[in-house]
Structures are given as structure tokens and as C-alpha cells.
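J.: This is the structure I have questions about; it appears just below.
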Amino acid sequence: MSDRKRNRIIALILAVICVTALVGCGGSDSKIDKTIRVGVVTYTQDDPFINAMTDKLKSQLKTMENSNMKVIVSVRNGDNDQREQDEIVAEMIDAGCDVLCVNLVDRTAPANIIKVARQNDIPIIFFNREPVHEDLEQWDKLYYVGCDAKESGDMQGEIAAEYIKNHPEVDRNEDGKIQYVLLEGEAGHQDAISRTDCSVKTLIENGVQLEKLSYQFADWNRGQAENRMTQLISQYGDEVELVISNNDEMALGAAEAYRNSGISEDKWPAIFGIDGLDDALQAIKEGTMQGTVYNDKEDQAGEMARLAVDLFKGNSLSSHRLQDEKYYVSPYQKVDVDSVDDFLHR
Ligand code: GAL
Ligand code: CA
């Protein structure tokens, strides 16, 4: 072999080694600022509020894409099974995700997810289903984006009290008391517990005399609430004057039960929900619901998207104004027939 030929072969080998080395370390180095992979896992695929918020999160993340950062979002759900959700999280981490957004199935059981994320140094933004404080304290890369459940209960109590004051005809049998039914979301969920508690307390504090007819769990679900309400209608006829629901889906289920009951519309109860989903806003416009409390999915999704990108880039989080350096608390807003147009089609 001639010297020239040998030198060319050596140069070629060196070039191959260099390129391989560059690509190899480039894999992790150039990832910074290049492609962020966000793994989003919800507790179920059947929750309209969560689905609406997840859609906003996807679009918010996409708006953060630019010439030097690509965003890949993958969304899966835990099918209401914590173990299944644990496995999905492990798979997402194996597939190379950089930041996780987790809507826990069981908010008291994040241990496995935290463990595997920590082993791989992948930050977690929990949302909507709040882990207990001790769990969030386990590692400094754990965050929570959600709301103050008490605030939604207080606001629901306030708009209901205000409505009853302005509409004395709610007390249809004129006994000075409001016969009411309460539809509860999900046993053990922070929102269900506080909303039930605070809305009733606030109604009483605002001078409304209440008479409890029934409390029913309906799992945040429209169909289940319709069934429960149909049952209650067969028990109480047109005696129910007020329905307080922990969320809009169940409030809409209650309205549906009345629609199918044959009871004339002037004898339907006043119905209040929480979330501000489009169907509920429409029902408020049409007068089949009287109010709701806006659970600001745009704000929560926006915060999650910004937080995910800042965590990925290693930016300072000071602009996020997190409480305890971990919690982002999105404010609720009251919605009634006068303000409903401000919330439609956000
Ligand atoms: C609540 C919301 C409910 C349901 C629940 C799921 O904040 O009001 O409609 O989506 O979260 O965790
Ligand atoms: Ca009454």
C-alpha cells in the first residue's frame, strides 16, 4: 500500500471516529434546546374536563416550538388503574421523555412514579389530582399545578346564595327552607371534599336556610349523575329546589334527568356546577343551569407548558411565582347568566 493511500485510509478512519463521537455526545448535548419530549398521563380517557385541559396543554406546548426547539407531546391515560399508570410512566421514561405531566389515578399513591422519575432525573408536574404534601416533598423536582378547591366551593355557595336571594321563587313550597341535593365527585378527591364542605357552609353563612334531602356520589360523571337524579326524582317528585354539584358534568346529568322526567320546567330546581365546560356555559345561557365556577384550564395548561420548557432548559423558575417553590395555584372565577358570554369559546 502506498503511503498516500495509507494516509487517506487513516484520515477516513479518523473522520468516522470523529463523526461517531460527535453524534454520540451530540445525542445528549444537542438535545438541550433541540427537542423536548413531554409525556402527559391522565387518570382516565373519560373525563371531559381533563380532556379539554389536555387539549389546551398540547396546543400551548406546540406554541412554544421555535427554530431551535422542537416539542413532541405524547398523551396516554391510566385507565383508572394506578398500577397501569405506573407502567405507562416507566415506558415513557424508557422512550426518552424529558418532562412528565401526571394526573394521578390515586392521588395518595404517587410513590412508584416518583421513584422511577427520580432514578432517571425526569421532573414531574402533577396536575389536578393533588398528591399529599409529604409526597411532593420527597424530591425537589416535583411540582403541582391546580387550584384551591376551597375557593371553588366558596364561590359556588356565593353565586347560589345570590341567585336564591334574587329569585325567591326557588323556595317553591314557600316553607322558608331550600330543599337540596348534593352531587359529589369522587370519594377522597381533594376537590370533592372541599367543594361539598365549603359550598354548603357558604350558603348557610349567607343566610340561606337549607334542608338536606340527599348526598350522592356520581364520580364526576354525567351518566351516573343522571341515574342518581332519576332515582331521587322518583323518590321526591318535584320537591327538590336546589342541586349543588361538585362539577358541571354531574350538573348536566341532573338537568338531563329533569328533562326526561316529565316535570314541567318551572318546577325544576336551580342547578349549580363547577368547571365552566362549554356544555355547561350553554346550559346557563339557556337557563337549565343557573351558574358555575370557572376552573381555568387555559391558565393551568399554560403554566404547565411554560414550566415544562423551563425545567427542560434549566431556566430559573422565579417568574412562575410558585408557592413553596412547588405549587402553582390557578384562581377560579364565578360564572352566571350575566358573565357567561365572557367565558364561552375561550
Ligand atoms: C376536578 C374537575 C372535575 C374532574 C376532576 C378530575 O377538578 O372539576 O370535573 O375533572 O377534577 O380529577
Ligand atoms: Ca322550600
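Every read-out reported here was derived from the displayed coordinates using simple, explicitly stated rules and does not represent laboratory data. Everything numeric here is computed off the predicted structure, so don't read it as measured data. Reconstructed Cβ throughout: ideal geometry from the backbone, glycine too, with neighbour counts over all protein chains shown.
J.: Place a +1 charge on the Cβ of each Lys and Arg in the chain and a -1 charge on the Cβ of each Asp and Glu, then give the dipole magnitude about the Cα centre in debye, rounded to the nearest 20.
T.: 2480 debye
J.: Now, a different point. Full-extension gain between Glu84 and Asn260, please, as 0.36 nm times their residue separation minus the C-alpha to C-alpha distance.
T.: Working it through step by step, the gained length comes to 59.6 nm.
J.: Now for a different question. Quickly work out the Ile204-to-Met69 label distance, labels modelled 7 Å from Cα along the C-beta direction, and quote it in nm with one decimal.
T.: About 4.9 nm, to one decimal.
J.: Taking only Cα atoms and a 10 Å spring cutoff, compute GNM fluctuations for the chain and point out the largest among Asp175, Asp55, Asp191.
T.: Asp175
J.: Here is a follow-up. Pick out, from Gly302, Tyr327, Gln282, the residue whose Cα sits farthest towards the positive end of the charge dipole of the stretch 259-346, with +1 on the Cβ of Lys and Arg and -1 on the Cβ of Asp and Glu.
T.: My answer, from the dipole projection, is Tyr327.
J.: Whole number please: convex hull volume per residue of the Cα set in the chain, in Å³?
T.: 157 Å³
J.: Go ahead and run the numbers for FRET between Arg76 and Glu174, Cβ-Cβ distance against an R0 of 35 Å, rounding to 0.05.
T.: Using R0 = 35 Å, I get an efficiency of 0.05.
J.: Next up: Most fluctuating residue of Ser319, Ser330, Ser152 in a GNM of the chain with Cα springs under 10 Å: which is it?
T.: Evaluated over the chain, the most mobile residue of the options is Ser319.
J.: Additional query: For an R0 of 25 angstrom, estimate the FRET efficiency from the Cβ-Cβ distance between Asp278 and Glu162 and round to the nearest 0.05. It would help to have the intermediate numbers written out before the result.
T.: Numbers: r = 23 Å, r/R0 = 0.94.
E between Asp278 and Glu162, to the nearest 0.05, is 0.60.
J.: Also: Asn51 to Leu344: extension gain in nm, 0.36 nm per residue of separation minus the Cα-Cα distance?
T.: Taking Asn51 through Leu344 to full extension adds about 103.8 nm, to one decimal.
J.: Quote the charge dipole size of the stretch 134-249 about the Cα centre in Debye, to the nearest 20; the model charges only the Cβ of Lys and Arg (+1) and of Asp and Glu (-1).
T.: Its charge dipole is roughly 220 debye.
J.: Right, here's the next one. Helix-only mean residue ellipticity at 222 nm, the chain, DSSP H runs n ≥ 4 weighted -39,500 (n - 2.57), per residue, nearest 500. What is it?
T.: -14500 deg cm²/dmol
J.: Which value in nm describes the separation of the simple spin-label points at Ala95 and Lys267, placed 7 Å from the Cα toward the beta carbon?
T.: Calculated label separation equals 5.4 nm.
J.: If you don't mind, there's one more thing I want to ask. Near Lys62, which lysines are there with a Cα under 26 Å away, not counting those fewer than 8 places off in the same chain?
T.: Lys31, Lys34, Lys70, Lys141, Lys297, Lys313, Lys326
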